[in-house]
1. When SER5, SER35, SER11 are ordered from fewest to most other Cβ atoms inside 10 Å of their Cβ, what list results?
2. Given the alpha-carbon gyration tensor of the stretch 6-65, what are the semi-axes of its equivalent ellipsoid in whole angstrom, ordered largest first, with each equal to the square root of 5 times an eigenvalue?
Amino acid sequence: MTVCSQDIVDSLRERLDRALEKFNLENPDLQIGFSLGFSPVFSSSGNFQEMLKQADNRMYDEKRKKKGFRG
């Protein structure tokens, strides 16, 4: 398991956002998007199933914030 900080997660998200924005501008007929879910190890007492559930919930929260998501 790799441990990383919130700063690393935020940096990765920003890099992906910039790359996809560029791609989408260059390919208007093939728009790509993403949502990122994560779970800090310490927030779920190390329970793998709980970590997956928390990451999944965060991903769907992010999707709901984006325009047009109804899931």
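1. Ordered from fewest to most neighbouring Cβ atoms within 10 Å, SER5, SER35, SER11 come out as SER5, SER11, SER35.
2. Ellipsoid half-lengths, sorted descending, are 28, 13, 7 Å.
Read the figures in this text as sums done on the coordinates, not as results from a lab. Bear in mind that the values here come from a model prediction, so they are computed numbers and not experimental data. With ideal geometry, Cβ positions are generated from the backbone for all residues, glycine too; neighbour counts draw on all protein chains shown.
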